Amino acid sequence: MGFIKNSNLKIVFLLTLVISISLPVTVAFAQQADTSSQVTDTAATVGDVAVPADTSAASDTTAVATDSVAATSSVGATPTATTQEEGKVSLDPQVYTNFFYYLLIVFLVCVLVAVVGKIVQVYELTRRMNGRDTTYYLYNLHANLFLVCLVVGLYGVYWSYAHHGAQSMRDAATEHGVRIDTMFMITTVITTIVLVLTHIGLFGFAFKYRATPSRKAYFYPHNNTIEKVWTIVPAVVLTVLVLFGFFTWRSITNVSEEDQKNALHIEVIGEQFAWTVRYPGRDGQIGERNYRLTTPLNSLGIDFNDKTAWDDQLGGEIVLPVNKPVRVQISSKDILHSFYIPDFRVQMNAVPGMKTYFQFTPTVTTEEMRDKLGDYNYNFVMLCAKICGGGHYNMQKTVRVVTEEEYQAWLNEQPYFFTEDLRKEFQASQVSSEEEVAEKKLLANAN
Amino acid sequence: MSTIANAGTHSVDHHGDHGHHHESFWTKYVFSQDHKMIAKQFLITGIIMAVVAMLLSILFRIQLAWPDKEFPILEVFLGKWAEGGRINPEFFLALVTIHGTIMVFFVLTAGLSGTFANLLIPYQLGARDMASPFMNMLSYWFFFVACIIMIASFFVESGPASAGWTIYPPLSAVPKAISGSATGMTLWLISMTLFIASQVLGGTNYISTVLNMRTKGMDLWKMPLTIWALFLTAIVGLLSFPVLVSAVVLLIFDRSFGTSFYLSDLVVQGQILPNEGGSPILFQHLFWFLGHPEVYIVLMPALGLTSEVISTNSRKPIFGYHAMVYSLIGITILSFIVWGHHMFVTGMNPFLGGVFMITTLIIAVPSAVKVFNYLATLWRGNIRFTPAMLFAIGMVSFFISGGLTGIYLGNSALDISLHDTYFVVAHFHLVMGSASIFGMLCGVYHWFPKLFGRMMNEKLGYLHFWLTFIGAYLVFFPMHFMGIDGVPRRYYAFTEFPFMEKWISVNVFVTWAAIVAAVGQLAFIWNFFSSIWSGKRATQNPWGSNTLEWTTPVEHIHGNWPGEIPTVYRWPYDYSKPGHHEDFIPQTVPFSETMSSNLPHDFEGNAEAERIQREWELANNNPQTEKETE
């Protein structure tokens, strides 16, 4: 049974002793050490103290590992490998000391566990000598632990719901978001009931039916009626959830042609690591893009042959009029991104080479939301939810929901994409492409 | 069919000549073709990979908890990836990616079903070895090389793959977009291809062994649930892994040979790429056609192992054996038609999303049946809390709590705002991460005597269980709420958004829980490796178990059984059968030796046997009806 034999234990104690004696020395040393490090001479002083010092000079990782091992075995660590002047990383020796301390803590915890293990062993031995059992008392212990686990666990779930749940649930600020939230709540109620009941069963049975030497388990291989019941009941509950979910989903994603036309169209384009927002201008139509037309000036590759693009406006942020349906056309210049506005319950991936859409109606203005939350700096925010590289964690755009008048006022100030410079560039390209066409015609004729 | 095959294996008479094999170190421990040794190889490699992946997770947990703090020691270990003691954002993604890849594929696929399929299929079916031992050996060595290559990707200049374990192109296809998509990604793809080769070799072997090499009397309905689970897992793997090969090969073409399967209309950092006409969605379809069955490849062996352990340690037959098998079969079939639920908002046709939602939620029914059957098995049992049993109970708990959140994510309407958030992280870490690893650990504690002929230390096992069980809940439960709040996964820091700041303190808590749980694994590592050499010697059947593996000698021998392969007469779950003097009856005990405990349905309609039983009962004045009403 002994996972640490007696002799091992002695060694462990000796080691702890040595280390604990050397601790004050190390601390003293660490306090003296200045940030410039490279304290090679002091390394030779005390065996253990050598570790932090000499590894600070040697930048390779193996040195740390081997030296800390050397420290625990308390053999005078060899300070010979110190002067490897690779000099790439020169760190405060305190860093190594701290690291060493952390390892030491882990080690001491292990020792503690070993000691407790020993004590348990002795305890079991006395039980055995007194003719008491050494197996079932452990089963009792675990049965009780499971009960404790059940009670504490259920309280923990309640606490999480009450605290973290309250912290994470904000009212949806869109029409469909409210429906999603209703579904969410229904699902939460059902799953919580199942979670609680099954865990009462699981841990409760574990508590109640712990092994005793006298009892024999009840031979109960199957019961078709019960099995049918608990196949059919989840099936029915899930059918309800499926139908509810299916219709909610269709109502969100399956927008009629007419509703599509009536919505405000905007385009959001993702790239590493920013979003560009394009408003359609007076004609209400977003111009086509062709990625081959991308130039430093025309970074979206807008195709100005399509005249609907001429009045397209660049939005510095996403500003939306309240209670008006918006159809967002989502695309990406480079890799996958995801257009995600948590408060709106809106998400759709931005896929290069493909347009995706999400139509929704914001119902709460930013001002109203601020009032509701009592947080006057609060903003709706759009963020990227699909891994897209080093800047993934900070790819945001503020979303502002305002009244219709504010929206119009804001929109009037937004610049056009088709700037003077772009116009020139476009005309130049027109000329050259006309020349190309002409050339082709000539070639065709010649052939 | 099986009897014919068995006649074949019996006549080969392996067992007579095991003394003649003069095995060198190389043939015994390294290039072994023995299923028991290969199981150990898979297990130990799996454990080492698990430790690596766990350390990676601690690294990124540290970053998440203290995004503004410097940890100069990290620079010592990670060099330029943690300049100034702060993990670089791209390296953070690499950590997440490799953590996921190793855990899902190398630990929970190969480490779990590789270990236990190899160990248990021949043992519990009464076979001398696998159908093709050489293929079996190749399976391990492909896996091993895959591991080496995956680890090696940490040592290339541009860093390991960092496009997430799902390696969605174009991010994974364009090195310009992220440095990990250069050599690191190539190594990832090579490693995965080898890994899949390993899985296919292994899977073919498992399936053919189960179908052809069962001992006399072992019909399909007498197989333990472990075998059912491993068998169905192998089928799922064999059907789905090749699809990942196609995804990977096409990605290699896109990366290296200028094709455009997944790429179209790209302007990466100002440079227009020539690719045209491909679709990133295609990759997602191919990936998740493996990816979702993969979840069940990871989970089903764990379910199988826990079924066996719960039944053995409750001293009760598993409740509803047939229902358990049918739900496994149901999960197997359904697992192939639900992949689209990973793609509700990726630009897939929304109507298709609705269809996938329906199939997805149906899969909850067989899962629910399994849970209820587990509970019914515990009910009125005589539960022995061995470490294996604790882990089995923990597994059921995780399976419930993680499975329930699947009902949210499988619902396409709710998935809109939960997709790619921490809610997803919490969900799959509970249901597929924790549940599977608990199934695996439960298997290790339970079958350790069979693997190494020694017992593991119980007390350390208890400590390990409680630390891991509580730790896992503390780590993953709070993440649900971050997800509901809208915090996306794979975020390097929560510092850039005002609404995320409230979660930083939670992150600190989670990280500490993770560190404590990780340190707790030392109890296992120490216990495992020290018990190999100095554990208490095991007896032949330490758990009082019914299955065939416990009829083999403790000392491993070539061919498993020294004499004849035992014949099987009954199902594996005759625990605490009324009328029998012991609380278990091994599968090898014929009904003629247990006249006092036989039940009418034991004879499966064999009139002759029923007549004999009736006569015996009359003679012993012990009618069956009385016993049943007891």
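Relative to the Cα centre, what is the charge dipole magnitude of the stretch B:243-321, using +1 at the beta carbon of each Lys and Arg, -1 at the beta carbon of each Asp and Glu, and rounding to the nearest 20 debye? Let's see the in-between values first.
Values: 3 positive and 5 negative charges, 94 e Å.
With only Lys, Arg, Asp and Glu charged at Cβ, the dipole is about 460 debye.
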*Pick out, in residue order, every one of the trypsin sites (Lys or Arg not before Pro) in the stretch B:56-86 that is DSSP loop and has at most 15 other C-beta atoms within 10 Å; say none if there are none.*
B:Lys69
*So what is the orientation-averaged projected area of the protein assembly as shown, using the convex hull of its C-alpha atoms, in nm²?*
52.5 nm²
*If only Cα atoms are counted, what is the Rg of the stretch B:548-629, and what is its Dmax, in Å?*
15.2, 47
*At a Cα cut-off below 15 Å, give the aspartates and glutamates reachable from B:Lys459, other chains included and same-chain residues fewer than 8 away excluded.*
A:Glu124
_Three-way shape call for the stretch A:262-316 based on the alpha-carbon gyration tensor, with the a/c threshold at 1.5_ = oblate
*For the stretch B:493-561, diffusion coefficient by Stokes-Einstein and Kirkwood Rh (Cα), 37 °C, 0.692 mPa s, µm²/s*: 196 µm²/s
_Long-range Cα-Cα pairs in the stretch B:126-195 (distance over 17 Å), rounded percent_ = 49 percent
_Using only the alpha-carbon atoms, what does the stretch A:136-219 span along each of its principal axes? Please give whole angstrom values in decreasing order._
63, 28, 9
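Which value, in debye to the nearest 20, describes the size of the charge dipole of chain B about its Cα centre when Lys and Arg Cβ atoms bear +1, Asp and Glu Cβ atoms bear -1, and nothing else is charged? Intermediate values should be presented prior to the final figure.
Working: 31 positive and 39 negative charges, 143 e Å.
Computed charge dipole of chain B: roughly 680 debye.
What ranking do B:39-48, B:299-308 get when scored by the average of other Cβ atoms within 10 Å per residue, highest first? All intermediate terms of the calculation are to be shown ahead of the outcome.
Details: B:39-48: 21.5, B:299-308: 29.4.
Result, highest mean Cβ count within 10 Å first: B:299-308, B:39-48.
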*State the percent of C-alpha pairs, over all pairs in the stretch B:304-535, separated by a distance greater than 30 angstrom.*
35 percent
*Karplus couplings for the stretch B:468-480 from phi (6.51 cos²θ - 1.76 cosθ + 1.60, θ = phi - 60°), rounded to Hz, Gly and Pro as x?*
6, 5, 5, x, 4, 5, 5, 6, 8, 4, x, 5, 3
*Taking a cut-off of 20 Å between Cα atoms, list the lysines near B:Lys577, but don't count ones fewer than 8 places away on the same chain.*
A:Lys216, B:Lys222, B:Lys316, B:Lys627
_When only alpha-carbon atoms are used, what values of Rg and Dmax, in angstrom, describe the stretch B:254-348?_
21.2, 68
*What fraction of the Cα pairs in the stretch B:281-394, stated in percent, has a spacing above 17 angstrom?*
59 percent
_Using all alpha carbons of the stretch A:258-419, what is the percent of pairwise distances in each 10 Å bin, ordered from the shortest bin to the longest?_
11, 40, 37, 11, 1
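Using the C-alpha atoms of the stretch B:148-261, what convex hull volume per residue, in cubic angstrom, is computed? Before the final figure, lay out the partial values.
Numbers: hull volume 12.6 nm³, N = 114.
Convex hull volume per residue, Cα atoms: 111 Å³.
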*Towards the positive end of the charge dipole of the protein assembly as shown, with charges on Cβ (+1 Lys, Arg; -1 Asp, Glu), say which of A:Val116, A:Met169, A:Met185 has the farthest Cα.*
A:Val116
_Counting only other chains, and only Cβ atoms inside 10 Å, what mean value do you get across the residues of B:477-488?_
6
*Based solely on its DSSP helices, what 222 nm [θ] is calculated for chain B when runs of n ≥ 4 H residues each add -39,500 (n - 2.57) and the sum is averaged over all residues, nearest 500 deg cm²/dmol?*
-19500 deg cm²/dmol
*asked:* Can you return the lysines within cross-link range of A:Lys333? Criterion is Cα-Cα under 19 Å, with same-chain partners fewer than 8 residues away left out.
replied: A:Lys355, A:Lys386, A:Lys397, B:Lys176
*For the stretch B:556-597, the fraction of alpha-carbon pairs in successive 10 Å shells from zero, as %*: 27, 43, 24, 6
*Mind putting a number on the dipole of the stretch B:304-535 about its Cα centre? Charges go on the C-beta only, +1 for Lys and Arg and -1 for Asp and Glu, and I need it in Debye to the nearest 20.*
840 debye
*When averaged across all projection directions, what area in nm² does the alpha-carbon convex hull of the stretch B:485-530 cover?*
4.1 nm²
*Answer with one residue from A:Ser332, A:Phe207, B:Ala323: the one whose Cα lies farthest towards the positive end of the charge dipole of the protein assembly as shown, charges on Cβ with Lys, Arg +1 and Asp, Glu -1.*
A:Phe207
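What average number of partner chain Cβ atoms lie no more than 10 Å from the Cβ of the residues making up B:340-347?
Details: counts 0, 0, 0, 1, 5, 12, 9, 12.
Neighbouring Cβ atoms belonging to other protein chains average 5 per residue here.
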*By the gyration tensor of its Cα atoms, with a ≥ b ≥ c the square roots of the eigenvalues, what is the shape of the stretch A:91-167: rounded for a/c under 1.5, prolate for a/b over b/c, or oblate?*
oblate
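Sorted by mean Cβ packing within 10 Å, highest first, what order do the peptides A:317-328, B:542-553, B:429-440 take?
Details: A:317-328: 19.2, B:542-553: 20.8, B:429-440: 26.5.
Put in order of decreasing packing, that is B:429-440, B:542-553, A:317-328.
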*Could you please state, rounded to a whole Å, how far the C-alpha centre of the stretch B:301-371 is from the C-alpha centre of the stretch A:157-228?*
18 Å
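When Cβ neighbours within 10 Å are restricted to other protein chains, what is their mean count per residue of peptide B:425-433? Provide the component values of the computation, followed by the final result.
On the way: counts 0, 0, 0, 0, 0, 0, 0, 0, 0.
For this peptide, the per-residue mean of nearby foreign Cβ atoms is 0.
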_Projecting each Cα onto the charge dipole of chain B (Lys/Arg +1, Asp/Glu -1 at the beta carbon, about the Cα centre), which of B:Val145, B:Ala517, B:Asn411 comes out farthest on the positive side?_
B:Ala517
*Using all Cα-Cα distances in chain B, what percent lands in each 10 angstrom bin from 0 up to the longest?*
3, 15, 26, 26, 16, 9, 3, 1, 0, 0
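Read the figures in this text as sums done on the coordinates, not as results from a lab. A quick note: this is a predicted structure, and the numbers were derived from the prediction, not measured. Virtual Cβ from ideal backbone geometry, glycine too; neighbours counted across all protein chains shown.
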